[in-house]
Amino acid sequence: MKPEDRNVIELDVRPMLTAKIEPFSAIMKKVYSLHPNDLFVLHAPFKPTQLFNVLSRKGFKHEAERVGKWHWKVTFWRERPGVASHSPAAATDVTRYGRSTPRTHFLDNRGLEPPQPMIRTLRKLEKIGDGETLVIHNDRRPLFLYPELDELGYSHETEEAPEGGYRITIRKN
């Protein structure tokens, strides 16, 4: 299929960010609604490098172009057209023989504005091993993180922390 034959879906998140609205859920809603051969064009005031990592794990390639001082245009497409991005990750059952108790990592995201807690959490999760646990402490319940964790195959539990905020325990299966 030629690029010019593809359906182009655009989203401009600059007004959202100006209004201090976290755009990640709007972006992911668009991504999940894409048909396999669609192109997704995102307009942002900065180069969204963390989004590149998130969408590459879903099979997307990207091309970024600076259009103006506060305007980046990023085009995303599936590396393998015909493969939908919204299928949940397959769960695997791993038997761990001869391993000691899995390590637990801690990450304090309090005082950070969205999307920083989510970005920091996803970065940390990329570095932990199978069977390890990450405990994060956030000011807010990370509603936009949960679908990502589910799709990546992580189990998670959330509880209100006695000192305020939320403590989320994430396990890499």
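Rule-based calculations on the coordinates, nothing more; no lab input. Because the structure is a prediction, the values reported are computed rather than measured. With ideal geometry, Cβ positions are generated from the backbone for all residues, glycine too; neighbour counts draw on all protein chains shown.
Some notes on this structure:
- Alpha-carbon centroid distance for the pair segment 113-173 / segment 6-36, whole angstrom: 22
- Which listed pairs, of Lys73/Lys172; Lys69/Lys127; Lys47/Lys127, have C-alpha distances above 32 Å, in listed order: Lys73/Lys172; Lys69/Lys127
- Placing pseudo-labels 7 Å out from each Cα toward the beta carbon at Leu143 and Arg167 gives an inter-label distance of 2.4 nm.
- For Lys29, the aspartates and glutamates whose Cα comes closer than 16 Å to its Cα, not counting residues fewer than 8 places off in the same chain, are Glu10, Asp12, Asp38, Glu148, Asp150, Glu151.
- Estimated FRET transfer efficiency (His105, Phe46; beta-carbon r; R0 30 Å; 0.05): 0.60
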